[in-house]
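The values are calculated or read from the model by the stated rules, or taken from the named source; none is laboratory data. In this text the structure is predicted, and so the values were computed from the model without any measurement. Glycine also receives a Cβ, built like all others from the backbone with ideal geometry; neighbour counts cover every protein chain displayed. We work out accessible area using only protein heavy atoms, side chains counted, and drop any ligands, DNA or RNA first. Shrake-Rupley method; radii C 1.70, N 1.55, O 1.52, S 1.80 Å.
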Amino acid sequence: FGDTLRLAVPSLIYTLQNNLQYVAISNLPAATFQVTLSQQSLSPGSYAVGLAAVAASCLSSGFAGVYFERLLKRSGGSIWLRNVQLGAVGTAVGLGAMLAAEGPAVAALGFFYGYNGAVWAVVVNQAAGGLLVAVVVRYADNILKGFATALSILASTAASAHLFGFRPRAPFLAGTAMVLAAVVLYGRPRAQPLTKARRAL
């Protein structure tokens, strides 16, 4: 019970983050959602809402990721058990929020109303992503997870160009270059500090 209670903190934040991501992606092009630097022909209000949602999602994700990594590495235990604990709290909060916001519609139409192949693909993608993140955080670290996620910019840009006709502009390309440069710099081996004996030589 104590572990589940401690995992409630990142679980609540991840639930908030998931909802913020849907707000962001509803108001931004997919590739801009990844980098958040491009100027597109969206209304200023929806673009600002999308950027605010991305910023809040990034901040909450960073905090939750570091907190979750600390719990995984200090308390040990099975990754699968930790994911069940995270999922249980997140599911309870998500269901409560859904019933508060859409209770009458869900009661009238049913929980799975509107679910189609695309919705199920998103559900499976989110579930698989959550499991992969837990494995990466457990066996690597949260910073490495962040840079692995950053590499998805290339994939999402290519997919957006192919599927939605997205054409990257200069600010987007500059942001992408900065992220990729950070990945390269992070992956470089650190220089070993000189010992007194080596300095004397």
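Observations, loosely collected:
- Residue within the stretch 171-180 that is of a type in the set (S, T, N, Q), in a helix (DSSP H, G or I) and at pLDDT below 85 present: yes
- Screening the candidates 64, 24, 88, 53 for the property of being open to solvent by 50 Å² or more (accessible area, probe 1.4 Å) and at pLDDT 80 or above yields one hit, 88.
- Long-range neighbours under 6 Å by Cβ, at least six apart or interchain, first residue within 13 Å of residue 14 (Cβ to Cβ) within the stretch 71-91, second assigned to a helix (DSSP H, G or I) and among the acidic types (Asp, Glu): none
- Residue within the stretch 142-157 that is at pLDDT below 70, open to solvent by 90 Å² or more (accessible area, probe 1.4 Å) and of a type in the set (Gly, Ala, Ser) present: no
- Residue match in the stretch 4-16 (condition: in contact with a Ser or Thr (Cβ under 6 Å, 6 or more places away or on another chain), at pLDDT below 80 and either closer than 18 Å to residue 152 by Cβ or surrounded by fewer than 21 Cβ atoms within 10 Å (Cβ to Cβ) (or both)): no
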